[in-house]
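Report on the structure given below.
The values are calculated or read from the model by the stated rules, or taken from the named source; none is laboratory data. Every value quoted in this text rests on a predicted model; they were computed, and no experiment measured them. A quick note on method: Cβ atoms are made from the backbone with ideal geometry, for glycine too, and the neighbour counts reach across all protein chains shown.
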Amino acid sequence: MANEAKYKRVVLKLSGEALAGEKGYGIDPNVVNSIAGQIKEVLDCGLEIAVVNGGGNIWRGLSGANKGMDRATADYMGMLATVINSLALQDALEQIGVPTRVQTAIEMRQIAEPYIRRRAVRHLEKERVVIFAAGTGNPYFSTDTTAALRAAEIEADAILMGKNGVDGVYDADPATHPEAKKFDHLDYIDVINRHLSVMDTTAISLCMDNKIPIIVFNIETKGNILKAAMGTVTGTTVGGK
C-alpha cells in the first residue's frame, strides 16, 4: 500500500487542543487513543511518520506574555507543556504496540532522547514513530515553526495539519460565516498575503523555501490521518504540485 501513497515520510502537526477533546483543556485519554490508532494505520501501511505536538491545552506562552509574564519564560513553559502531551501520546502508541521515541529540543534525558537529526531519521527508517517535543528549544518560535523546521531537517515529503472541526482552509470562519468558501489548493504566498490561519508566517516561509506541501484536514474524522498521508483526504493543500 506504500506504493499507492502520495507521500513516504510525513510530519503530523497536532494542536494541543486536538488532544483535549470537547473540554478544550487538559488531555482526553479517549481522544489520544483515537489519534494513536490513526497513527498506527499510517505506520502499518509502510509509511514513516513523525509528530509535533502543540501545548495549548495546558499552557499558551503568548497568553502568559500578554498578561505581563516575561515572554521567554512563558514560552519555555509552553515547551514543557508539549513534552507532557508527547509523553501521553507515546504511552498511547506503545499501549497498542507501536515503537515510539520522544525527542526533546531541551534536554531531559530521564524521560526522553535529546533531538538529534540523524538519530531521528534512523528511528523512522526502523519503522518507529518519532515525536518531536519542546518546540525548537527557543522562545518566540511556535510549534508550527517546529513542524516546518523538523520536516525540512528530516526531509519529509509533507506536513499534515490536523485541525479540529474544520476540513480545510476557508476565506472566512465557517462557524460564523456559512457562506465561507473552502480552498482546495493555495500557494504559500496566498496564505501569507491573505492572513489565512494555516500556520504562522515564519512556518509558512520555511515551507515555501523548502517546497514542503501542507495538507490541512479535519482530524476529528477517523481515518483522515491515513487519507492525508495517502493524498486522498478532503481538505486543502498548500504548495506542492
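Being surrounded by 17 or more Cβ atoms within 10 Å (Cβ to Cβ), on the phi > 0 side of the Ramachandran plot and in contact (Cβ under 8 Å) with a residue 40 or more places away in the chain narrows it down to one of Gly223, Gly231, Gly239, so name that one. Break it down into steps so the answer makes sense when it comes.
Working: Gly223 fails: surrounded by 17 or more Cβ atoms within 10 Å (Cβ to Cβ); Gly231 fails: surrounded by 17 or more Cβ atoms within 10 Å (Cβ to Cβ).
So the residue among Gly223, Gly231, Gly239 that is surrounded by 17 or more Cβ atoms within 10 Å (Cβ to Cβ), on the phi > 0 side of the Ramachandran plot and in contact (Cβ under 8 Å) with a residue 40 or more places away in the chain is Gly239.
Selection within region 202-228: residues that are of a type in the set (S, T, N, Q) and more than 13 Å from the chain's Cα centre (by Cα). The member of this set that is modelled with the lowest pLDDT is Thr221.
Evaluation of Asn138 against the conditions (1) over 30 Å from Gln95 (Cα atoms); (2) modelled with pLDDT under 95; (3) surrounded by fewer than 19 Cβ atoms within 10 Å (Cβ to Cβ) shows that the sole unmet condition is (2).
Which residue is surrounded by the fewest Cβ atoms within 10 Å (Cβ to Cβ), if the candidates are limited to region 175-220 and must be within 18 Å of Leu14 (Cα to Cα) and in contact with an Asp or Glu (Cβ under 6 Å, 6 or more places away or on another chain)? Among them, the one singled out is Asp200. Checked against (1) surrounded by fewer than 20 Cβ atoms within 10 Å (Cβ to Cβ); (2) not basic (Lys, Arg); (3) not in a helix (DSSP H, G or I), Thr73 passes all but condition (3).
Restricted to region 1-55, and to residues there that are closer than 24 Å to His123 by Cα and acidic (Asp, Glu), the residue that is surrounded by the fewest Cβ atoms within 10 Å (Cβ to Cβ) is Glu4. The single residue among Ala120, Ala112, Ala105, Ala151 that is at pLDDT 95 or above, surrounded by 13 or more Cβ atoms within 10 Å (Cβ to Cβ) and within 15 Å of the chain's Cα centre (by Cα) turns out to be Ala151.
For residues in region 80-102 being hydrophobic (A, V, I, L, M, F, W, C) and touching a helix residue (DSSP H, G or I) at 6+ places or on another chain (Cβ under 9 Å), which is surrounded by the fewest Cβ atoms within 10 Å (Cβ to Cβ)? Quick ask: steps written out before the conclusion?
Step one: filter region 80-102 for residues hydrophobic (A, V, I, L, M, F, W, C), giving 80-81, 83-84, 87-89, 92-93, 96, 98, 102.
Filter again for touching a helix residue (DSSP H, G or I) at 6+ places or on another chain (Cβ under 9 Å), leaving 81, 88-89, 92-93, 96, 98, 102.
Values: Ala81: 24, Ala88: 18, Leu89: 25, Ala92: 24, Leu93: 24, Ile96: 11, Val98: 19, Val102: 22.
Ranking the qualifying residues of region 80-102, first place goes to Ile96.
Number of residues in region 176-196 that are of a type outside the set (Phe, Trp, Tyr), assigned to a helix (DSSP H, G or I) and touching a helix residue (DSSP H, G or I) at 6+ places or on another chain (Cβ under 9 Å) equals 3.
Is it true that Met199 is outside any helix (DSSP H, G or I), closer than 18 Å to Leu47 by Cα and within 12 Å of the chain's Cα centre (by Cα)? Talk me through it step by step, then tell me what you get.
On the way: outside any helix (DSSP H, G or I): yes; closer than 18 Å to Leu47 by Cα: no; within 12 Å of the chain's Cα centre (by Cα): yes.
Answer is no for this residue.
Inside region 92-122, residues that are under 22 Å from Glu17 (Cβ atoms) and either in contact with a Lys or Arg (Cβ under 8 Å, 6 or more places away or on another chain) or free of Cβ contacts under 8 Å to residues at least 24 places away in the same chain (or both) make up a count of 2. A Cβ distance below 7 Å, combined with a sequence gap of six or more or placement on separate chains, defines the contacts here; from region 146-165, residues that are among the β-branched types (Val, Ile, Thr) reach no residue that is modelled with pLDDT under 95 and buried (at least 24 other Cβ atoms within 10 Å of the Cβ). The criterion of at least 1 residues that are under 30 Å from Phe183 (Cβ atoms) is met, among strands (runs of 3 or more DSSP E) falling completely within region 98-167, by 129-133, 158-163.
What are the residues in region 144-187 that are of a type outside the set (A, V, I, L, M), more than 18 Å from Thr82 (Cβ to Cβ) and touching a Lys or Arg at 6+ places or on another chain (Cβ under 9 Å), if any? Result: Glu155, Asp157, Asp167, Gly168, Tyr170, Asp171, Pro174.
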